[in-house]
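Structure first, then comments.
The values are calculated or read from the model by the stated rules, or taken from the named source; none is laboratory data. Remember, it's a predicted structure, so these values are computed and weren't measured experimentally. A quick note on method: Cβ atoms are made from the backbone with ideal geometry, for glycine too, and the neighbour counts reach across all protein chains shown.
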Amino acid sequence: MSFQLLPTDYKDISFTGNRKYNKIQNDDGTISFQDVTVYQNRDKAFFGADTANKMNEALNTIMTALEHGTDLYGEFQNFFEKQKGEFRKGADANLDELKVIMETYQNKQKLIFETWFDLVKKNLSESPVGHLQNEMEEVKTDNERLMKTFNEVIVTIPASGWTNTAPYSNKVTVAGVTNEDDIVLGKATDKNSTAEQVELWGELSSLISSAVVGTGYITFYSATERPTQDFKVKLKGVSK
């Protein structure tokens, strides 16, 4: 497992004027003060226990290693070598996938050209201009249809959009899609996705039992369970 970087985007909290409090009378006779000040950067100023625990865990590991005479330089070298290995594996996997896509595209283009050329040879002697123009239009249409299969978009399926009765449905706006598109549903996660996203999006996307493609939208269906969290899916074949 690779090291998870600690946050480095903390900001100082700020507010305008004086801090503001509400006075609350407790049931036991005491009083409490509720802070109702309007703060800026509050979400970036909070240093929580999770971050502190990660920092202390890393520091404890380093200090323990030092006390036991561990060669930290050697340990860091091993760590970075492992990270480079993980990076290379990810890069190789992406390169192999790209090679497969390009090879498939080239083979289809070759087939389209050969089909067009055979038809041109067959019909050229009858009506050169008319047949040539028709064949060129057909090749253009086939090429556009082929290119569309490589178009990919990532869409978010919101938890709030699902109906409350089975089969559950959720109509999601998808720019560029038409009811003539042949859509393939896939996973939206990639090498940068967190373990939580991989598990959650995979689990929720598996609940989708069917989908109906319209112009400008796709209606997703879940036959057995209503998803309760937002998740993302990848759509291949969307027109642009």
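One table, with the values for the structure above:
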quantity: Residues within the stretch 158-217 that are within 14 Å of residue 234 (Cα to Cα), within 14 Å of the chain's Cα centre (by Cα) and not polar (S, T, N, Q), tallied; calculated: 9
quantity: Among (1) modelled with pLDDT of 90 or more; (2) part of a loop (DSSP other than H, G, I, E, B); (3) surrounded by fewer than 12 Cβ atoms within 10 Å (Cβ to Cβ) - the single one residue 180 does not satisfy; calculated: (1)
quantity: Subset of the stretch 212-224 (residues that are among the small types (Gly, Ala, Ser) and either assigned to a strand (DSSP E or B) or on the phi < 0 side of the Ramachandran plot (or both)); calculated: 214, 222, 223
quantity: Residue satisfying condition, being under 33 Å from the mean Cα position of the chain (by Cα) and at pLDDT 75 or above, within set 77, 83, 40, 34; calculated: 40
quantity: Unmet requirement for residue 227, which otherwise passes all of (1) modelled with pLDDT of 90 or more; (2) not in a loop (DSSP other than H, G, I, E, B); calculated: (2)
